[in-house]
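Undergrad: One structure is given below, represented as structure tokens, and several questions about it will come after.
The values are calculated or read from the model by the stated rules, or taken from the named source; none is laboratory data. What you see is a predicted model, and the numbers here were worked out from it, not measured in a lab. Every residue, glycine as well, gets a Cβ built from its backbone with ideal geometry; the counts of neighbours run over all protein chains shown. Calculation scope for accessible area: heavy atoms of the full protein, side chains included, ligands and nucleic acids excluded. Shrake-Rupley method; radii C 1.70, N 1.55, O 1.52, S 1.80 Å.
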Amino acid sequence: MPIDTPADASLADGSASDTVFFGIMSGLELGSFVPGQRLVETDLVAHFGVGRNSVREALQRLAAEGIVDLQRHRGAVIRRLSLQETLDVLDVAERMTGLLARAATRGSRNRPQVQALRASVQALVAAEKVQDGETFSNARRHFYRTLLEMGDNRELRRLFPTIHMPIVHAQHRLASLRQMRLDDYRRIATAVLAGEPDAAEAAGAAHVQNVRGAILDRQTA
């Protein structure tokens, strides 16, 4: 077997780092990782089957995106949001999701993108029907990726993934949220496919408003 060149080694390490990075992000949504949890390097090495350097690189990336806090003497801990921090995230997400949906109407006449958006909604419906959390999570990510592609807005592509909604959903696991999200995604898709920017923006913002309402209702229950 040939020895890796420096470039090859870098690519291999990046792939392993991605495995850890996206594995933790997916685990947050599925509940296998939770806010406040300490992430032990040796455990992550064993869990993901990667090297320690790849784990450290992934943790640095997660810290840069605000998903984990790197604490002296404790290592990495998945960030836990206060109620006010949660509301602050939702304020940003409301505006960004509305803007995302508005921009996506630019692609409402692009047949491959239209088909991709319809397929993502169908996948969400199928996953919800059989209560498959992992498939629903994958379909949700495809839904948002398709909206970003339809909008073709470089700044949205850069900024939208930095919103800390994965922590919000991981910290506030409400039974009503997944069905609510599915209903909201259908409304967003309907407006986007109709090429109606005002309706799409309103539907995107309303989705985050519904998430905020569900979280606040539980706080006062």
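Undergrad: For the chain, give the magnitude of the charge dipole about the Cα centre (Cβ charges: +1 Lys/Arg, -1 Asp/Glu; no others), in debye to the nearest 20.
TA: Taking the Cα centre of the chain as origin, the dipole is about 300 debye.
Undergrad: Further question: Once fully extended, how much extra length lies between E41 and Q131, figured as 0.36 nm per residue of separation less the alpha-carbon to alpha-carbon distance?
TA: Separation in residues times 0.36 nm, less the Cα-Cα distance, equals 29.2 nm.
Undergrad: Just to confirm the filter: which trypsin sites (Lys or Arg not before Pro) across region 175-221 are DSSP coil and have at most 15 other Cβ within 10 angstrom of their Cβ?
TA: For trypsin sites (Lys or Arg not before Pro) across region 175-221 that sit outside H, G, I, E and B with at most 15 neighbouring Cβ atoms in 10 Å, the list is empty.
Undergrad: If ligands, DNA and RNA are left out, what is the accessible area of R141 with a 1.4 Å probe, given in Å² to the nearest 10?
TA: Rounded to the nearest 10, that gives 80 Å².
Undergrad: From the convex hull of the Cα coordinates of region 50-106, what is the mean projected area in square nanometres?
TA: 6.1
Undergrad: Largest first and in whole Å, what are the equivalent-ellipsoid semi-axes of region 31-133 based on the Cα gyration tensor, each being the root of 5 times an eigenvalue?
TA: Computed over region 31-133, the values are 34, 20, 15 Å.
Undergrad: Using only Cα atoms, find the angle between the long axis of helix 83-104 and the longest principal axis of the chain, and express it within 0 to 90 degrees, rounded to the nearest 10.
TA: Rounded to the nearest ten degrees, it is 60.
Undergrad: May I have the convex hull volume per residue, in Å³, for the Cα set of the chain?
TA: 156
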